[in-house]
Amino acid sequence: MFRAALPLAIVVMTACQDTSAPSSLSTLNATKALADYQAMEDVRQSTGFQAFKLAAPQMAARMRFTGTDVALRSIPLISDGNRGKTFVYDAVAHNWVVDPARTGAPANGVRFITYEPNGAEPDPAKPIGHADLIDLGNSTPGISLRLVVVEGTLTIVDYATTLEGSDGSGHVTVEGFIQNTRDKLDFDIDVTGQQSGSVGRANILFEMGIASRAFSVTGEVEGVNNNGVESGAVDLHVRHGSNSFTVDIANQSGTLSGDIKLNSSPFALVSGPANQPVFKKPNGENITGADALVLWHIADVSEDVFDLFEDLIEPIGALVIWAFIL
């Protein structure tokens, strides 16, 4: 639902770009902007974060489901039998198993040893760190978890997740950071959803950025699914140093309308069907050259928000579904 509201088909404009065409981005350092996007991608694609993603599905398997309304009380999820245990990867079983000789796991959580990826599986001969899933459900309302991932001596991931839900509604938050040896990506994502009959509504608020680069993305996406017909709206603010883009696009029954501004000045108009939108300059000319390339990255960074959210909730993915349907 969220993705349907985004102007993702903007990528078609880059396929026919004329790199010799004059750009209207004279106030923007395009090289720096592209480096900002690359830095964010490098953080998300680091070996340590990819190693964590291999272990994430198994973390959910170490939780218990009580069937209790998560809006009413604190809910500890990690079973007493698993708390304080460390799991290592067994290449024969293709799964993580408890290593009773290992110590150091959090008393109110579990520890998973992480390894360099070897295709779709970890390489048990190459451990690189650990991921601790900490259960805070004994002291906070609803479901509350913290995840800390260490690669070598560097904490590369540290974030908290909360879940609450009842009577067809749900609320999920993730807040923290991911980093490599060069850059630190901070994020704060808040998602709410509600299902009433055949109408589903969802809203996501987010902030993310790399402070040392003066690069940030903030925004709100709203989506509605009414009997299978999707509509929504995107309000996005992207800052590169002293320059910023604002995106204001609505999707009504599959038809887009809206505009994109650079430093508060009109930059592009958006119209047409959601699966094949038309992007024009304010004077009606086609978007080409560097202009199209920058717009592609704006759309791509919007996708990054959703990709990041999906990565971060992987250890508790089943719980997110549970929170939204109770």
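Numerical summary
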item: Looking only at the range 104-122, and only at residues there that are modelled with pLDDT of 85 or more and exposed (fewer than 14 other Cβ atoms within 10 Å of the Cβ), the one that is farthest from Arg83 (Cα to Cα); result: Asn118
item: Inter-residue pairs, beta-carbon under 6 Å, first within 10 Å of Gly200 (Cβ to Cβ) and without any contact (Cβ under 8 Å) to a residue 60 or more places away in the chain and in the range 220-235, second among the hydrophobic types (A, V, I, L, M, F, W, C) and in a strand (DSSP E or B), 6+ apart; result: Asn226/Val199
item: Residue match in the range 34-43 (condition: modelled with pLDDT under 50 and assigned to a helix (DSSP H, G or I)); result: no
item: Among the candidates Ile260, Ile249, Ile325, residue that is over 24 Å from Arg44 (Cα atoms) and at pLDDT below 70; result: Ile325
item: Single unsatisfied condition, Ser231 versus (1) surrounded by 19 or more Cβ atoms within 10 Å (Cβ to Cβ); (2) in contact with a Phe, Trp or Tyr (Cβ under 8 Å, 6 or more places away or on another chain); (3) of a type outside the set (A, V, I, L, M, F, W, C); result: (2)
item: The range 145-195: number of residues that are within 19 Å of Gly209 (Cα to Cα) and not in a strand (DSSP E or B); result: 4
item: Some residue of the range 57-64 being modelled with pLDDT under 60 and touching a helix residue (DSSP H, G or I) at 6+ places or on another chain (Cβ under 8 Å); result: yes
item: Qualifying residue in the range 262-281 (condition: basic (Lys, Arg), under 19 Å from His297 (Cβ atoms) and in a loop (DSSP other than H, G, I, E, B)); result: yes
item: Thr246, sole failed condition from (1) touching a residue at least 24 places away in the same chain (Cβ under 8 Å); (2) closer than 23 Å to Phe309 by Cβ; result: (1)
item: Only one of Ala125, Ala131 that is over 22 Å from Met40 (Cα atoms), modelled with pLDDT of 85 or more and either of a type in the set (A, V, I, L, M, F, W, C) or not in a strand (DSSP E or B) (or both); result: Ala125
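Results for (1) in contact with a Leu (Cβ under 7 Å, 6 or more places away or on another chain); (2) surrounded by fewer than 19 Cβ atoms within 10 Å (Cβ to Cβ), shown as yes or no for each residue.
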{"residue": "Arg182", "(1), (2)": "no, yes"}
{"residue": "Leu185", "(1), (2)": "no, no"}
{"residue": "Val191", "(1), (2)": "no, no"}
{"residue": "Ser198", "(1), (2)": "no, yes"}
{"residue": "Ser244", "(1), (2)": "no, yes"}
{"residue": "Gln252", "(1), (2)": "no, yes"}
{"residue": "Ser264", "(1), (2)": "no, yes"}
{"residue": "Val270", "(1), (2)": "yes, no"}
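The values are calculated or read from the model by the stated rules, or taken from the named source; none is laboratory data. Owing to the predicted nature of the structure, the values given are computational and were not obtained by experimental measurement. All Cβ positions, even for glycine, are placed from backbone atoms using ideal geometry, and neighbour counts span all protein chains on display.
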